[in-house]
Structures are given as structure tokens and as C-alpha cells.
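Everything on this sheet refers to the single structure shown next.
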Amino acid sequence: MGESSKLAEKLEVVLAAVEIGPDGEATRSAAVEFFSYAEDLVHLVADNMLADYRNQSYSMALTDLVNTHKSEILLLGATILGLDLAASGGRRIHATA
């Protein structure tokens, strides 16, 4: 999260984190933890349909957030799930690398 903070500061934009998962204490706790990394804002998408990672449901949730809040930059972790979500989410929002 350190590099994203530097980028947000340089671009003078609000840094927001996203927590997507099932409704419950674990998901809410993870969202609260993002504030310890100096995020300005945390978007929480909590629904029991998101208990297990499925590309379509996670991609739709992320796309809705990006489109609603007119995000300028979206950074995702270079994990297997992050790369999968980036590929499908990028197509949905017509992103460029």
C-alpha cells in the first residue's frame, strides 16, 4: 500500500481501498484494517454471495465501484486472483495498461 499512497499524493487524489467479501465480522475487520495503512477511504462490498471468489461476481462489484466513483487509477495485487480480476475488470471498464 505504500506505493499507492505515494502515487495518490503525487497526483493529489484521494486514495481508496476496496474490501470485497461475505457479510460478516471478518470482512468488516479487513476493511477497518485498511485505515491503518493511511487510506483516505475504504469501500466495503459485503454480500454472502461473495463468500468464495468467483470472477464474474467480484469483477461486477469492482466495476460498479470504479464506474460509480469515477476512479482514475486502479491497482490490484499481482496474485493469481488479482491478475484474474484485473484482466476481466479491465475489459469491463475498458481500461488500458
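Quick notes on this one:
- Over the chain, the Kirkwood radius and the radius of gyration, each from Cα atoms, give a ratio Rg/Rh of 0.94.
- Exposure ranking of S57, S36 by accessible area [1.4 Å probe, largest first]: S36, S57
- In terms of overall dimensions, region 1-54 has a Cα radius of gyration and Dmax of 12.6, 37 angstrom.
- Accessible surface, per residue, of the chain when the full set of protein chains is kept, probe 1.4 Å, Å²: 70 Å²
- N55/E12 FRET efficiency (R0 41 Å; Cβ-Cβ; nearest 0.05): 0.80
- Heavy-atom accessible surface of the chain: percent carbon and sulfur, 1.4 Å: 57 percent
- Based on C-alpha pairs under 8 angstrom that are at least 6 apart in sequence, the chain has a relative contact order of 23 percent.
- Pairwise centroid distance, computed over Cα atoms, of region 20-70 with region 71-88, Å: 13 Å
The values are calculated or read from the model by the stated rules, or taken from the named source; none is laboratory data. None of the values given here were measured: they were computed from a predicted structure. Note that each Cβ is placed from the backbone with ideal geometry, even for glycine, and that neighbours are counted across all protein chains shown. The protein model used for the area step is the full one, side chains on, heavy atoms only, and it has no ligands, DNA or RNA in it. Shrake-Rupley method; radii C 1.70, N 1.55, O 1.52, S 1.80 Å.
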